[in-house]
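The values are calculated or read from the model by the stated rules, or taken from the named source; none is laboratory data. The model shown is predicted, which means the values in this text are computed figures rather than measured ones. Reconstructed Cβ throughout: ideal geometry from the backbone, glycine too, with neighbour counts over all protein chains shown. Quick note on the areas: whole protein, heavy atoms, side chains included, nothing else; ligands and nucleic acids left out. Shrake-Rupley method; radii C 1.70, N 1.55, O 1.52, S 1.80 Å.
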Amino acid sequence: AFRDEVNAGASYAGKTVVLTSDLDLANENWTPIGSTSAKSFQGTFDGNGYTISNLTYVNEEATTPVGLFGFLNGTVKNLKLENVTIDAVSKQGIAAVVGRISNYGLVENVTVNNATINGNRYVGGIAGHAYGTISNCTVTNTTITATPDNLSGSYDNGDKVGGIVGDLPKDGNSNTVTGCTVDALTISAYR
């Protein structure tokens, strides 16, 4: 219900959503929270130390960012993601936690364990594409693969891949990654 409200336009700006127990998404074909840049999550999602497990997203033709969150203009913190499976094609970003961080969004104190993430570009463990801050996050026991979706185009494909973030633009903004760790990670990419 929370996801559907955000994707219908409720930004949650100035509000905090707190997870109060572990959440198992088994048998749920996930739709990311924040379906467009105009319908992004702008509040604070506090995982309160709990775990969201078995997040699965399979869509070979996604047009939006892919992850637990699609577009994030707010904060995600104090959360664990366990057993994540993502297989998607998107030009916006693909990751376990958030596909695209925008407008100085923040992800902090988040752990991803046992994930398989397959995408085409901008692929990461925590965030695919980040205009913001990623702090004190951990990715373990994860495989990330970026396969080109178009070998004849003039744009990037099969690249911008990382254990924490796929792409952290150097555009004059304060886009940063600090205090993060990666362990038991395999990355395969085109370039």
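General observations
- Candidate set from segment 160-191 (those that are of a type in the set (D, E, K, R) and open to solvent by 70 Å² or more (accessible area, probe 1.4 Å)); member that is nearest to Thr145 (Cα to Cα): Arg191
- Set side by side, the residues Thr142, Thr116, Thr133, Thr111 differ, and just one is modelled with pLDDT of 95 or more, touching a Phe, Trp or Tyr at 6+ places or on another chain (Cβ under 8 Å), surrounded by fewer than 24 Cβ atoms within 10 Å (Cβ to Cβ) and part of a strand (DSSP E or B), which is Thr133.
- Hey, Ala38 open to solvent by 50 Å² or more (accessible area, probe 1.4 Å) and over 24 Å from Gly158 (Cα atoms) or not: yes
- Residue in segment 52-62 that is of a type in the set (Ser, Thr, Tyr) and more than 16 Å from Gly128 (Cα to Cα) present: yes
- Only a single criterion out of (1) surrounded by 15 or more Cβ atoms within 10 Å (Cβ to Cβ); (2) farther than 21 Å from Ala115 by Cβ is not satisfied by Val18, namely (1).
- Test result for Asn157, in contact (Cβ under 8 Å) with a residue 12 or more places away in the chain and more than 16 Å from the chain's Cα centre (by Cα): yes
- Residue list for segment 89-108, filter: at pLDDT 95 or above and among the hydrophobic types (A, V, I, L, M, F, W, C): Ile94, Ala95, Ala96, Val97, Val98, Ile101, Leu106, Val107
- Selection count, segment 11-57, where residues are of a type in the set (A, V, I, L, M), assigned to a loop (DSSP other than H, G, I, E, B) and touching an Asp or Glu at 6+ places or on another chain (Cβ under 9 Å): 2
- Against the numbered list (1) within 21 Å of Asn173 (Cα to Cα); (2) open to solvent by 10 Å² or more (accessible area, probe 1.4 Å), Thr64 comes up short only at (1).
- In the condition set (1) without any contact (Cβ under 8 Å) to a residue 40 or more places away in the chain; (2) part of a strand (DSSP E or B); (3) closer than 27 Å to Ala38 by Cβ; (4) not aromatic (Phe, Trp, Tyr), Lys170 is compliant with all but (2).
- Check on Asn114, of a type outside the set (Asp, Glu) and under 20 Å from Gly47 (Cβ atoms): yes
- Just one of (1) open to solvent by less than 60 Å² (accessible area, probe 1.4 Å); (2) out of contact with any Ser or Thr (no Cβ under 8 Å at 6 or more places or on another chain); (3) not in a loop (DSSP other than H, G, I, E, B) fails for Gly70. It is (2).
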